[in-house]
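A quick write-up on the structure given underneath.
The values are calculated or read from the model by the stated rules, or taken from the named source; none is laboratory data. Model, not experiment: these values are computed from the prediction. Every residue, glycine among them, receives a Cβ derived from its backbone with ideal geometry; neighbour counts consider all protein chains shown. The area values use the complete protein model at the heavy-atom level, side chains included, leaving out ligands, DNA and RNA. Shrake-Rupley method; radii C 1.70, N 1.55, O 1.52, S 1.80 Å.
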There are 2 protein chains.
Amino acid sequence: MNTIDLSPILAEVVDSTTKGYPLSALPLPLSAIGAQGWNLLRGDLPLPLAVLRDSALAHNHAWMRDFTAATGVLLAPHGKTTMAPQIFAQQLAAGAWGMTVANVQQLGICARLGVRRVLMANQLLGTLEVRTVIGLLRRHPDLEFHFLVDSPAQLAAIEAAAAIDPPPRKLHALIELGVPGGRTGARTHDAALALARQVAASRCVALSGLECYEGLQISGDAADDARTVGALMQRVQALALECDRDGLFAGPDVILTAGGSAAFDIVARELPMRLSRPVLTILRSGCYVTHDSGNYERLLAGVKARSGGEWQTRPGLQPALEVWARVQSCPEPRLAILTMGKRDASYDIEMPIALKRFRPGADSAPRAVPAGWTITGMNDQHAYLRVDADAADSPQVGDLIGCGISHPCTTFDKWRVLFTVDDAYRVTGAIRTFF
Amino acid sequence: MNTIDLSPILAEVVDSTTKGYPLSALPLPLSAIGAQGWNLLRGDLPLPLAVLRDSALAHNHAWMRDFTAATGVLLAPHGKTTMAPQIFAQQLAAGAWGMTVANVQQLGICARLGVRRVLMANQLLGTLEVRTVIGLLRRHPDLEFHFLVDSPAQLAAIEAAAAIDPPPRKLHALIELGVPGGRTGARTHDAALALARQVAASRCVALSGLECYEGLQISGDAADDARTVGALMQRVQALALECDRDGLFAGPDVILTAGGSAAFDIVARELPMRLSRPVLTILRSGCYVTHDSGNYERLLAGVKARSGGEWQTRPGLQPALEVWARVQSCPEPRLAILTMGKRDASYDIEMPIALKRFRPGADSAPRAVPAGWTITGMNDQHAYLRVDADAADSPQVGDLIGCGISHPCTTFDKWRVLFTVDDAYRVTGAIRTFF
């Protein structure tokens with residue numbers, strides 16, 4: 001169950017047409033990259049470069065394993081964050097129940113590599129997509145796949161596609177309960193219950209559980225978020241009780257799933273419940289695995305404050321993802337232009353955060369940047385680093401700047417290969433993404 | 001000269017791990033995709049999907065060929081926009097002098113495929129990068145490569161790298177003249193002239209011309225932009241005259257280059273000049289090739305107004321790039337959720353622009369969306385389409401929505417393969433990007 005076969009990925013040959021690959025190096029299979037002895041700080045790699053710090057990844061895997069174990073919930077991490085099966089394999093090895101995906105292409109990648117429990121935190125729709133799912137179920141008798149349904153129109157479309165190409169077993173749907181003013185999801189208890197009855201009566205779809213997504217309601221105020229998310233969990237529970245009482249659930253157990261990366265602790269405490277059959281409470285956090293240096297780092301304070309005890313004192317999630325660039329120009333006082341732009345690092349929540357500096361030939365290890373060094377904007381291929389007035393300590397042309405990012409999803413999709421590094425920035429391997 | 005060998009790209013095999021590739025189709029070489037008879041509107045392709053309209057691409061190639069011919073300037077289109085050598089080949093076939101790139105990785109891709117005139121509209125820096133350039137010059141005796149220099153520190157770093165690994169011929173530098181408050185570039189005439197003298201005196205670098213970038217100064221006010229850009233062109237000309245008088249230029253001709261995609265017409269009119277040796281005036285526009293439905297469409301009005309005559313009346317550049325998605329949920333009145341998000345379409349200048357709708361089973365061709373349908377936001381994998389109150393004409397679950405984008409660069413980098421389509425949305429081929 002859920003054994004990922006990474007051999008086809010590790011055998012893939014990478015060359016210098018891939019961003020970040022050393023420009024004069026010969027093509028290499030992914031598996032050979034960690035043995036080359038490359039080091040970012042020694043100048044072996046072209047910049048900009050996205051790297052994943054092995055130590056932070058390992059820490060985060062252990063942290064989330066302990067958190068889910070302590071709270072008694074399961075984890076199907078959202079694979080859309082990294083779309084990196086090598087990281088999926090680490091997540092499954094650390095105890096994840098399965099994986100979450102956002103669409104059928106992502107499901108296909110998981111199924112092909114051996115993942116056998118997949119949630120799609122999205123509506124299944126489209127004749128081609130439905131038939132692809134049916135084909136995957138036929139090819140993999142042990143594939144367990146659950147998707148979201150939030151409207152009768154969607155259910156009818158699935159049934160029409162399945163009528164052309166009958167599935168080998170019933171498709172498993174989770175009713176999505178939504179929030180007024182929110183994204184997808186049936187807006188009311190009554191609409192969701194009516195839809196659950198329609199699914200339970202379907203000839204080709206079975207009701208395997210309920211889903212919601214609390215992540216878009218998060219304000220960052222720890223207490224406020226606890227109330228808002230708690231109320232949503234109560235709505236899911238009320239719907240689950242009614243579906244259970246009416247015998248609408250079809251499987252040996254019932255899946256209740258929620259939980260992005262901002263308030264998964266509230267879900268872990270508030271969503272578990274008892275029904276007439278076993279309940280699997282499944283979190284879907286995706287960003288915990290790399291964490292970040294912006295949005296999720298700020299939100300982690302709320303997770304820790306609400307979780308109390310050990311979680312307040314033990315080291316929290318660590319930022320694993322950094323993008324390094326070079327100072328290419330210092331054209332005016334207090335301004336440095338970096339070789340990094342919208343093609344290389346997230347900018348959808350805020351600009352990258354300058355964390356570290358390294359002057360080749362002078363520094364033996366990266367130093368923290370002074371307070372007040374701020375990236376104020378990016379163009380496609382450039383970043384603007386504003387610094388304070390202390391000229392003696394200013395950046396110089398040729399300096400390397402290591403940046404944290406905010407929102408890992410929108411950095412991962414800019415890199416086909418990310419290098420993993422140890423704490424001395426030696427390259428230990430290469431991670432392939434599938435976007 | 002500049003003959004691109006596309007055979008390694010066309011032989012590359014694509015499969016359903018690539019976003020947009022039909023999920024149940026067998027792997028195919030890129031060259032075979034156009035013969036499959038796939039059609040977006042018939043549901044042969046998973047959504048979201050980015051497509052390039054062949055007719056618009058052909059129109060834009062011809063438009064820019066005519067524009068540069070009429071104004072007597074050369075074109076080295078910025079390849080960073082598409083990073084698609086198949087499109088580079090079209091641009092060169094339409095008469096482009098060479099290509100522009102943003103970094104040494106992009107140069108490497110151009111050189112490897114056969115492009116022999118490359119401008120890098122960026123500072124060359126980094127020992128690895130300088131030595132890569134030297135290696136490329138050694139491997140390709142006919143490669144003509146010009147990069148930017150804007151500081152003595154950068155020049156010294158290049159000279160230090162070249163001292164380790166002497167180049168087979170002098171490296172060709174363009175002095176970048178900058179704008180106070182702008183990005184890179186020497187800020188003053190005197191600083192730029194002093195740097196030009198240093199380059200002219202260098203043992204390994206020769207001065208081949210001057211560069212500036214006017215694109216960050218553009219306000220969208222046609223007359224205002226004409227004044228601002230005109231003044232910058234005059235500064236370049238004054239510097240060129242002085243460099244020429246002092247014999248600082250080294251080549252058989254002098255390169256003067258400017259021109260993004262917003263105000264290339266002003267550059268084409270204002271930058272050409274006479275010096276003691278032939279002057280090559282080279283535009284670097286990248287976005288003209290696909291144009292867009294937002295930012296550049298608005299800016300084109302200024303280009304046309306300033307250029308007058310024929311350019312005001314003949315059809316302007318056409319948007320070639322569209323991203324199609326499906327309505328997956330209509331959870332509230334006046335709201336439709338689309339299967340498209342930050343992973344799929346540009347959002348850095350504005351949200352995608354809903355242009356077309358197609359209801360499978362009901363429509364025979366796409367229809368224009370009603371006025372007022374607006375995408376108001378995107379998450380990683382979802383878009384929010386707000387519509388007016390006319391329920392009879394509202395989107396339905398399963399409808400396809402075709403969106404224009406604003407700023408093509410940040411859509412191209414989200415797709416490893418984009419399909420080309422004819423006006424009936426039949427797939428005619430596949431374009432591979434290198435990000």
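For this structure, a couple of remarks:
- DSSP-defined antiparallel bridges as percent of all bridges, chain B, nearest 5: 50
- Comment: the Cα-to-Cβ extended label point of A:Ile349, at 7 Å, lies 2.7 nm from its counterparts in the other copies, nearest first.
- When the residues A:Val397, B:Val118 are ordered by accessible surface, computed with a 1.4 Å probe over the protein chains alone, the sequence from largest down reads A:Val397, B:Val118.
- Computed helical MRE - 222 nm, chain A, DSSP H runs ≥ 4 contributing -39500 (n - 2.57), nearest 500: -9000 deg cm²/dmol
- Accessible area buried by the pairing of B and A, both sides summed with a 1.4 Å probe, works out to roughly 5500 Å².
- Filtered trypsin sites (Lys or Arg not before Pro), the stretch B:130-186: DSSP coil and at most 15 other beta carbons within 10 Å: B:Arg169
- Distance from the stretch B:149-188 to the stretch B:349-403 (C-alpha centre basis), Å: 49
- DSSP beta bridge pairing in the protein assembly as shown, given as percent antiparallel to the nearest 5: 50
- In this view, the solvent-accessible surface of B:Leu155, computed with a 1.4 Å probe and all protein chains in place, comes to about 10 Å².
- About the centre of its Cα atoms, the stretch A:369-416 shows a dipole size close to 240 debye [charges on the beta carbon of Lys, Arg (+1) and Asp, Glu (-1) only; nearest 20 debye].
- Whether the protein assembly as shown is rounded, prolate or oblate, judged on the alpha carbon gyration tensor where a/c under 1.5 counts as rounded: prolate
- For chain B, with +1 on Lys and Arg beta carbons and -1 on Asp and Glu, the positive-most of B:Gln123, B:Ile337, B:Gly181 along the dipole: B:Gln123
- Neighbouring Cβ atoms from other chains, within 10 Å of the Cβ of residues in B:224-235, number 0 on average.
- Averaged over A:326-337, number of beta-carbon atoms from partner chains that fall within 10 Å: 6
- Magnitude of the charge dipole, the stretch B:349-435, Cβ model with Lys/Arg +1 and Asp/Glu -1, debye to 20: 300
- Within the accessible surface of the protein assembly as shown, defined with a 1.4 Å probe on protein heavy atoms only, the carbon and sulfur portion equals 52 percent.
- Options B:Trp415, B:Ala320, B:Asn103, ranked by Cα towards positive dipole end of chain B, top entry (Cβ charges): B:Asn103
- Positive-end residue of B:Pro252, A:Gln234, A:Tyr213, charge dipole of the protein assembly as shown with Cβ unit charges: B:Pro252
- Under the convention that each Lys and Arg Cβ holds +1 and each Asp and Glu Cβ holds -1, the size of the dipole of the stretch A:255-344 around its Cα centre is about 260 debye.
- Shortest-first distances to equivalent copies, position B:Asp66, nm, label 7 Å out along Cβ: 6.9
- 10 Å Cβ neighbours from other chains, averaged over peptide B:76-89: 1
- Tilt relative to chain A, helix A:189-200 - C-alpha long axis, 0 to 90 degrees, to 10: 70
- Cα-based radius of gyration of chain A once divided by 2.2 N^0.38 Å, which approximates compact folds: 1.05
- Within a straight-line Cα-Cα reach of under 19 Å, B:Lys414 can be paired with the following lysines, leaving aside sequence neighbours fewer than 8 residues apart in one chain: A:Lys19, A:Lys80, A:Lys342, A:Lys414, B:Lys19, B:Lys80, B:Lys342.
- Computed over chain A, relative contact order equals 20 percent, with contacts defined as Cα pairs under 8 Å that lie 6+ residues apart.
- For chain B: accessible area per residue (Å², 1.4 Å): 33
- Rounded FRET efficiency, nearest 0.05, which uses the C-beta distance separating A:Ser31 from B:Ser219 and R0 of 51 Å: 0.45
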